[in-house]
Amino acid sequence: GFNGKLIFAIIASALGSSFQHGYNTGVINNPQSILEEWMSQVIGNRTGIPPSRESVTLVFSVAVSIFCVGGMIGGLSTGFIADRFGRKGGLLLNNILVLIATICLGSAKAASSHELLILGRFLIGINSGLNAGLAPMYLAEISPINLRGAVGSVYQLVITISILVAQALGLKQTLGTAEHWPLLFALTIVPAIFQVFTLPFCPESPKYLLTSKGNELEAQKALAWLRGSLAVQEEMDQMKAENDAVKLLPKVTVRELFTNRALRIPLLICLFVMVAQQLSGINAVIFFSTKIFEYSGLKGDSPTYATMGMGTINVLMTVVSLVLVERAGRKTLLLLGFGGMAVDTLLLTIAMIFAQSNEAVGYICMILVFVYIVMFASGPGSIPWFLVAEMFNQSARPTAASLAVCTNWTANFLVGLAFLPIIAILQSYVFLIFVALNSLFFLFILKKVPETKNKTIEEISALFRQQSYQ
C-alpha cells in the first residue's frame, strides 16, 4: 500500500516532470494576442516595415508547434537516457534543459528576440518529451502491482493541474499582460527547482538497479525504502524471476519490436492507444469550448472562466480515475471513455446546429462539453501514459516507451497542424470526424487490448507470447 516515502517519491518525480508538460502546453494560449502584438513590434523594428498579419501568425504558430517537435525528439531519446543514466538520473539531468529554456523564455522580451522564445519552447519541448517517457516508467517501476495503475495515473493528474495553473496565471488579471508575460513563461523553472531538491532523496528504480545494473543489494535497499519495510523478499523474488527471464533475451532493438510477433502485438496496441488519445477530439472540444459557452449566453470574460471550470472538472475526474483504474480496470475505463466520447460528440454535433438560434440548446452544448471532459479524464487521458510500462519487460520497456511517447507527440503535432484548416471547412460538423474515430477506437480496444490490472509483467508477456503462436 501507500506509505510516506512512496508518496514522497511519487510527488518528487511526477510534480517536477509532468508539470512541465502540462504548464507549457497551456501557458501560451491566453496571452496569444499580447504575444502576437509583441512579435509584430519586434519584426517591425528590425525591418522598418509593419509585418503582415499572416507573417505574425506564422511566427506565433511556429512558437506553438515547435514545442511538439521538441517533444518528439525528447520522446525518441527516452530509451537511450533511461538505459544510460537510469530513470531517476535521467529525470534529474533533464532539468538542465529547463534552466536553459527558462533563460531563453524569460529574456526574449528584453532581448527583443522572438527567436529566443521559439528556442526556449523547443528546449522545454525536448524536456517534456523526455519526462513523458521517463516519469511514467519510474512511477510504474516503484509502485506495487496493486497500485500500478493509480500511481501511473498521477502523471496525467499533474498535467491537468498544471494546465489549469497555466490558464489561471495567463489571465490578464494575473500575469497575462504585456509587462509580465516573460515571468509567466519563466515560472516553468519552479517545478524543476522542486525536483532537484527532492528527487535526490529518493532511490533509483529497483528494477533498473537489478536488471540494468545487476546490483541486487542496492535494488533490495531501494525497494525496502519505497515500501517502508524490510519485508520485501517476496517482491524481490518476483523481480529476480523477471530478471532471469530477461537475461535469456538480448537487448531489444526497434527492429526486433516490429519483427518479433510477441513484441509487435503489445507495441501496436500501445502506439494505437497513444494515437487514439490525441485523435479523440479533446483538442477540438477545448478549442470550441469558449464559442460553445458564448452560445449558452455567457458574456464578457465568463466564457474564459467557464473554460477554466472545464479544466477544474478535468482535474477532479482524473483524481477519480486514480481510484477507478484499480477497481474497474484499464480496459473497462478505456471502453467507457472512448464509447462515451463517441456518443457525446454525436449529440454535440446535433446540438450545435441549433445552438445559435436557441439559448436553451446552448446550455445543453455546455453540459455536453463537461460530459466529454468527464469521459476523457476517466481513462483515455491517463491510461495510455503508463500502459507501455505495464506491457513490456525491462529489456524492451525503454525502446517501446521511446516509440510510444514519440508517436503521441507526433500525433499531437499533426492534430495541431491540420485542425484549424479542417475547422474552417467543416465548422461544428468537425465533431462528426470524432464520432467515427472514437467508435473505431472503442472497437479496437474491445477486440485487442487485454486487461493488465493486478497482473505481473511476466504474466502479461506470457499472454502476448501465447497470442503470437495462434
ALA140 fails exactly one of (1) surrounded by fewer than 24 Cβ atoms within 10 Å (Cβ to Cβ); (2) within 26 Å of GLU234 (Cα to Cα), namely (1)
Going through (1) among the β-branched types (Val, Ile, Thr); (2) more than 30 Å from GLN41 (Cβ to Cβ); (3) free of Cβ contacts under 8 Å to residues at least 24 places away in the same chain one by one, VAL154 fails only at (3)
Listed by first then second residue, the pairs whose first member lies in region 102-128 and is on the phi > 0 side of the Ramachandran plot, whose partner is assigned to a helix (DSSP H, G or I) and open to solvent by less than 60 Å² (accessible area, probe 1.4 Å), with beta carbons under 7 Å and at least 6 positions apart or on separate chains, are SER112/VAL42
task: Tell me, please, whether a residue that is polar (S, T, N, Q), open to solvent by 30 Å² or more (accessible area, probe 1.4 Å) and outside the structural domain of THR78 (by the TED database) can be found in region 336-354.
output: no
Over region 42-57, the set of residues within 18 Å of ALA111 (Cα to Cα) and exposed (fewer than 13 other Cβ atoms within 10 Å of the Cβ) is ASN45, ARG46, THR47, GLY48
For region 1-41 the number of residues that are open to solvent by 20 Å² or more (accessible area, probe 1.4 Å) and either polar (S, T, N, Q) or closer than 18 Å to GLY416 by Cβ (or both) is 8
If we scan region 355-366, do we find a residue that is modelled with pLDDT of 90 or more, among the acidic types (Asp, Glu) and outside the structural domain of THR78 (by the TED database)? no
The condition from (1) hydrophobic (A, V, I, L, M, F, W, C); (2) over 25 Å from the mean Cα position of the chain (by Cα); (3) farther than 19 Å from VAL369 by Cα that LEU298 misses is numbered (3)
Selection from region 278-309 of residues open to solvent by less than 10 Å² (accessible area, probe 1.4 Å) and in contact with a helix residue (DSSP H, G or I) (Cβ under 7 Å, 6 or more places away or on another chain) yields SER280, GLY281, ALA284, VAL285, SER289, ILE292, PHE293, SER296, PRO303
Of the conditions (1) surrounded by fewer than 21 Cβ atoms within 10 Å (Cβ to Cβ); (2) in a helix (DSSP H, G or I), the single one that SER112 does not satisfy is (2)
Those residues of region 421-458 that are open to solvent by 60 Å² or more (accessible area, probe 1.4 Å) and aromatic (Phe, Trp, Tyr) come to a total of 2
Given the conditions (1) within 19 Å of ARG84 (Cβ to Cβ); (2) open to solvent by 60 Å² or more (accessible area, probe 1.4 Å), every one holds for ASP237 apart from (1)
Flagged in region 354-381 as within 18 Å of GLY281 (Cα to Cα) and of a type in the set (A, V, I, L, M), in numbering order, are MET366, ILE367, LEU368, VAL369, VAL371, ILE373, VAL374, MET375, ALA377
LEU347 meets each of (1) more than 30 Å from THR174 (Cβ to Cβ); (2) over 21 Å from the mean Cα position of the chain (by Cα); (3) touching a residue at least 60 places away in the same chain (Cβ under 8 Å) with one exception, condition (3)
Does region 304-326 contain at least one residue that is more than 24 Å from ALA436 (Cβ to Cβ), hydrophobic (A, V, I, L, M, F, W, C) and not in a helix (DSSP H, G or I)? no
Checked THR198, THR188, THR160 against criteria (in contact (Cβ under 8 Å) with a residue 40 or more places away in the chain, among the hydroxyl-bearing types (Ser, Thr, Tyr) and under 15 Å from LYS88 (Cα atoms)); the one match is THR198
Of the residues in region 425-446, those that are closer than 21 Å to ALA351 by Cβ and aliphatic (A, V, I, L, M) come to ILE425, LEU426, VAL430, LEU432, ILE433, VAL435, ALA436, LEU437
Inside region 361-396, the number of residues satisfying the requirement of being under 18 Å from the mean Cα position of the chain (by Cα) and either without any contact (Cβ under 8 Å) to a residue 60 or more places away in the chain or in a loop (DSSP other than H, G, I, E, B) (or both) is 5
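The values are calculated or read from the model by the stated rules, or taken from the named source; none is laboratory data. A quick note: this is a predicted structure, and the numbers were derived from the prediction, not measured. Backbone-built Cβ (ideal geometry, glycine too); neighbour counts: all protein chains shown. These accessible areas exclude ligands, DNA and RNA; they are computed on the full protein's heavy atoms, side chains included. Shrake-Rupley method; radii C 1.70, N 1.55, O 1.52, S 1.80 Å.
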